[in-house]
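Below: one structure, written as structure tokens.
The values are calculated or read from the model by the stated rules, or taken from the named source; none is laboratory data. Note that this is a predicted model, so its numbers are computed, not measured. Backbone-built Cβ (ideal geometry, glycine too); neighbour counts: all protein chains shown.
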2 protein chains.
Amino acid sequence: MSLPHAILTALLEKPSSGLELTRRFDKSIRYFWSATHQQIYRELGRLEQAGLIRELPQQLPSQGQRKEYEVLPAGRAELAAWVARPEDPKPLRDALLLRLRAAALVGPQGLAAELHRHRALHQQALDEYLTIERRDFTADRTTEADRLQHLVLRAGISLETNWIAWLDEAATELGPPEPFTADPHR
Amino acid sequence: MSLPHAILTALLEKPSSGLELTRRFDKSIRYFWSATHQQIYRELGRLEQAGLIRELPQQLPSQGQRKEYEVLPAGRAELAAWVARPEDPKPLRDALLLRLRAAALVGPQGLAAELHRHRALHQQALDEYLTIERRDFTADRTTEADRLQHLVLRAGISLETNWIAWLDEAATELGPPEPFTADPHR
DNA sequence: GCCTCCATGTAACACGTTACATGATTCG
DNA sequence: CGAATCATGTAACGTGTTACATGGAGGC
């Protein structure tokens, strides 16, 4: 039940068409909530039917088929209510941890390489976050909105940092990407 | 594509019936991969049809309807292959971060209480993990399987620790659960 | 005219969730 | 007998994913 609220948030920042929303998701919101254009179109239809958003009358006539949406007061109210609504965090769900547990039974052949690959991906994500932080959050002109957005970014930074540290630990535990090991069954 | 492998892992540890698997998921695997009994039954059927597991002939006759399954060699092979198969980590997907971003637009009323509640839940999870660690991973009798399982547990511990630290930071940023604030819009 | 990109959408499926159904065993 | 519990399963739905369809606009 979060996608509609993600869309409301994005539309509040700036009224947009479906494809524009998709691009903005790709650029920023996807860092903590990704969505494909099909999901977005489906949800835009529902939100419109629910009376939370409405289609803007085209200011530029005959501009293809673009449909711009804006948030209605009911939509803003729903979003504000959702911000405070109790909703438990989703339990952890991580395939790599599952694979480690499986490796404890069938042997860790090939796992070290995967850990190494994941480390690189997390490092890449971290670098991206740090770049954004340097670009957008240096000054001390801190409105409340700025501070909240920075907080979100710092969550991403510390999560990725945490994964990297753990993956390093895991790599030490497993040893280097084993070329050959004795006892392939275990 | 991880649930079948979670089930194969659990069945390798010990052949079980559907309900037994559900309970064992609830007890241990759910810490990083939860599943309901319906998912498990559906998947057991598929795994059997795929020839990765098979129904054990009942040793105790007339024991109700219980169906015990065991992993076949093809199942073990599939699991071993999966351990090394490249599979990218799922991007972060966290509703609380989304809510913070929404709060930057519609105001953080009520958010502080949610953060506090989440902190308590993460603290609870952390305590649980630490208890398990003290109980199961004290001795220095470290087989490779032990070390891998401990590694998985440490991932959970450091993730929860990380969330708690971040939530504390967030609480500081937001201030105490605001009783009243000026300017309710913005 | 043709290709590409823009923009919206349909269809089908995989996975996960919730509610309910069915029958067998156990216990008071 | 009746209720609770065990054990397996069906049905329906919501969300997310993938592939494909349609039709207009702009460039060569």
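Summary of computed values
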read-out: Residue ID - nearest to DNA strand D (Cβ to nearest atom), chosen from residues in the stretch A:24-48 that are among the aliphatic types (A, V, I, L, M) and touching a residue at least 24 places away in the same chain (Cβ under 8 Å); value: A:Ala35
read-out: Residue check for B:Thr9: touching a helix residue (DSSP H, G or I) at 6+ places or on another chain (Cβ under 6 Å) and either closer than 30 Å to A:Gln124 by Cα or away from DNA strand D (no atom under 16 Å from the Cβ) (or both); value: yes
read-out: Unique residue being more than 10 Å from DNA strand C (Cβ to nearest atom), within 15 Å of the chain's Cα centre (by Cα) and among the polar types (S, T, N, Q) when the list is B:Ser28, B:Ser2, B:Ser16, B:Ser34; value: B:Ser28
read-out: Odd one out for A:Arg66 among (1) more than 16 Å from DNA strand D (Cβ to nearest atom); (2) in contact (Cβ under 8 Å) with a residue 24 or more places away in the chain; (3) surrounded by fewer than 14 Cβ atoms within 10 Å (Cβ to Cβ); value: (1)
read-out: From the options A:Asp146, A:Asp136, A:Asp127, residue that is at pLDDT 95 or above, of a type in the set (D, E, K, R) and surrounded by fewer than 18 Cβ atoms within 10 Å (Cβ to Cβ); value: A:Asp127
read-out: Residue check, A:Glu160 more than 7 Å from chain B (Cβ to nearest Cβ), in a helix (DSSP H, G or I) and at pLDDT 95 or above; value: yes
read-out: Residue selected from the stretch A:159-176 under the condition free of Cβ contacts under 8 Å to residues at least 12 places away in the same chain and buried (at least 17 other Cβ atoms within 10 Å of the Cβ), by the criterion nearest to A:Glu13 (Cα to Cα); value: A:Leu159
read-out: Some residue of the stretch A:103-118 being polar (S, T, N, Q), modelled with pLDDT under 95, surrounded by fewer than 19 Cβ atoms within 10 Å (Cβ to Cβ) and away from DNA strand C (no atom under 14 Å from the Cβ); value: yes
read-out: Members of the stretch B:42-61 found to be within 10 Å of DNA strand C (Cβ to nearest atom) and buried (at least 16 other Cβ atoms within 10 Å of the Cβ), listed by number; value: B:Glu43
read-out: Options A:Val71, A:Val106: the member that is in contact (Cβ under 8 Å) with a residue 24 or more places away in the chain, away from DNA strand D (no atom under 16 Å from the Cβ), in contact with a helix residue (DSSP H, G or I) (Cβ under 9 Å, 6 or more places away or on another chain) and farther than 23 Å from A:Tyr31 by Cβ; value: A:Val106
